[in-house]
Structures are given as structure tokens and as C-alpha cells.
1. Which of the GluC sites (Glu not before Pro) found in segment 17-104 are in a DSSP loop and have at most 14 neighbouring Cβ atoms, other than their own, within 10 Å?
2. Note the angle between two axes, namely the Cα long axis of helix 36-50 and the longest principal axis of the Cα atoms of the chain, as a number of degrees from 0 to 90, rounded to the nearest 10.
3. Taking the Cα centre as origin and putting +1 on Lys and Arg beta-carbons and -1 on Asp and Glu beta-carbons, what dipole magnitude results for the chain, to the nearest 20 debye?
4. Can you tell me which lysines have their Cα less than 27 Å from the Cα of Lys104? Leave out same-chain residues fewer than eight positions away.
5. Where does the charge balance sit around Asp181 when Lys and Arg score +1, Asp and Glu -1, over other residues with C-beta under 12 Å from its C-beta?
6. Which trypsin sites (Lys or Arg not before Pro) from segment 97-158 combine a DSSP loop assignment with at most 14 other Cβ atoms within 10 Å?
7. Measuring with a 1.4 Å probe in the full set of protein chains, what accessible area per residue, in whole Å², belongs to the chain?
8. If you line up the long axis of helix 4-13 against the longest principal axis of the chain, both from Cα atoms, how many degrees apart are they, to the nearest 10?
Amino acid sequence: MGDSASSSYVHKSLGGGSGESLSLTILADLLLWRNRTGAAILLVSSTVFWFLFERAGYNLLSFVSNVLLLLVAILFLWAKSASLLNRPLPPVPNMEIPEGFAIKAADDILVLINHVLSVASDITIARNPIRLLQVLFVLWAISYVGTLINSLTLVYIVILLSLSLPVVYEKYQDHIDDKLDSTSKVIRNISRKIPMP
């Protein structure tokens, strides 16, 4: 594995160790498999969901309905048997979204919406052709990938890559950086030979 400096660099670049957000630290630990239980649960559950919905042909609405039906039936039977047998009632948590969490989520969504609006403004008002080409290329790439792969399979592939690429990069960071550096030098040399208007 890489030295501790490179390890902490990858962890920090994923948002870990920053005092401002505990959720980013948890995410960095999850992606680098430092929280092995959480990463394994994410991998197994995403594999099960992908198999159920993609290969077995299960429907999301019927799945959610069946899970809720099973949960309500179990809680009802538990509560009825608890009253008959003088046992404690099932521990149902207080299901409320904390106000701080809702405000933080709204702030994050506001930042995202403002960024999208600034890009749209940059394209329409400033008439930035480079930004227009970037947006067109990204939307075309998303459309093209969407024709090749089902969206659920794409989400599953993204989860698998996000659980494997940071670990591989952390382990072989020096080798990967050397290869990327030599590749960027070759691309720069080729781009210098292309005449630009």
C-alpha cells in the first residue's frame, strides 16, 4: 500500500478528515474500505438490488409495496402479541426529519441549482461557445451511454467503480501518477503539432 502521506492525500481529496463535514469523512472511509462493514453492505445491497430489478425483472413499485406490507404486518403482529403476552411494544423510532438536515439539504440543492443556472446564463447571455460545446458534449455522451446501458445498470457500474477505483489509486498512486504524467506529455506534444486557428 502507499505511504501514509499518499493515503491521507487520497482520503483528504475524497473529503475525509475535513472538519466541516462529517458526511464527507464517512463517504471517504466508505469508498476507501476503511469502514469495511459499510462498504460490504453497500456492495452486497447494490448487487442484490441490481439483480432483483435488472435480471429477475422485479418492479420497483411492487418491491417497495411488498417491503412496506411485510414491515406493517410484522409490527402489527408484534404489537398484538406484546399486548397479549405483557411484553414491551416494538421500538418504533420517531420518524421525523431534523430541521438542520433539511436546511443543509436545501442549501446543497440551492448551490447545485445556482451552478446550473450560471452555466445556462454563461451559454445564453455571455454566448460562450466553449461552454456550449462542453454542455453539448456531456449531454450527448449521457444520451449515448443511455442508449447502450440501462440506467439501473449504469448506477450499479458507478457504485462498483466508486468502491474500487479509490482503493486501487491509493494502493498504486505513484505508478498511476507516472503513467498519467507521461500520457499528458504525449498529448501535449501531439496537440502542439496540430495547427490551431
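1. Here the GluC sites (Glu not before Pro) that fit, given the DSSP loop and packing criteria, are Glu20, Glu96.
2. 90 degrees
3. 440 debye
4. Lys12
5. Once positives and negatives cancel, what remains is 0.
6. Arg127
7. Result: 79 Å² per residue.
8. 80 degrees
The values are calculated or read from the model by the stated rules, or taken from the named source; none is laboratory data. Not measured: the values here are computed from a predicted model. Methodologically, a virtual Cβ is constructed for each residue, glycine included, from the backbone with ideal geometry; neighbour enumeration extends over all protein chains shown. Note: accessible area is taken over every heavy atom of the protein model, side chains too, but ligands, DNA and RNA are not part of it. Shrake-Rupley method; radii C 1.70, N 1.55, O 1.52, S 1.80 Å.
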